[in-house]
């Protein structure tokens, strides 16, 4: 009796491993892990806070396994940081998409050079988002903040980045003030997507 139960368990294990192997093969043949479908991105575009997929366009295929974190900066606290990030958010334009500018780093899916934390290489797997402005004494404009939320939510969906992997630079580097003391961190945290 013990022998037949052992055989059943082993058969179930082999069957589960076979199904798992086929699923992995299908994922590799389709170019990577299962990503949100077009309907999910369409929902983001149609949402009043969303931005179209043109904001996320790249010159090379996006690398979903690479991007694990999102780090938010500001030019006021860090000077020339914008050129070392993947996105820059300005306070200009008639809609949210015009506020968001992708940099050549994003288009090439290249590592940024925006995070320096001893013992960790956040640059290898973090998307750098830089707000244009100084938020040490005043918060970003409503339009700039909404563009940030739309961009970060879109990146969270595209790359399955959980809310606890969205950082202000000051979260990672306590000696930094970026993105600034007046940046509405709690309001941003409340608008981040919850993990699925």
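A few remarks follow.
- Boolean, residue 139 is surrounded by fewer than 19 Cβ atoms within 10 Å (Cβ to Cβ) and over 16 Å from the mean Cα position of the chain (by Cα): yes
- Between 131, 155, 169, 151, the distinction of being free of Cβ contacts under 8 Å to residues at least 60 places away in the same chain, surrounded by 18 or more Cβ atoms within 10 Å (Cβ to Cβ) and assigned by TED's automatic domain parsing to the domain that holds residue 75 belongs to 131 only.
- Within the range 180-196, the residues that satisfy the criterion of being under 17 Å from the mean Cα position of the chain (by Cα) and either assigned to a helix (DSSP H, G or I) or surrounded by 16 or more Cβ atoms within 10 Å (Cβ to Cβ) (or both) are 185, 188, 189, 190, 191, 192, 193.
- Residue count for the range 161-178, restricted to those that are assigned to a loop (DSSP other than H, G, I, E, B) and either modelled with pLDDT of 95 or more or in contact with a helix residue (DSSP H, G or I) (Cβ under 6 Å, 6 or more places away or on another chain) (or both): 5
- Residue count for the range 76-122, restricted to those that are in contact (Cβ under 8 Å) with a residue 24 or more places away in the chain, out of contact with any helix residue (DSSP H, G or I) (no Cβ under 9 Å at 6 or more places or on another chain) and under 22 Å from residue 146 (Cβ atoms): 1
The values are calculated or read from the model by the stated rules, or taken from the named source; none is laboratory data. Since the model is a prediction, treat every value here as computed from it, not as a measurement. With ideal geometry, Cβ positions are generated from the backbone for all residues, glycine too; neighbour counts draw on all protein chains shown.
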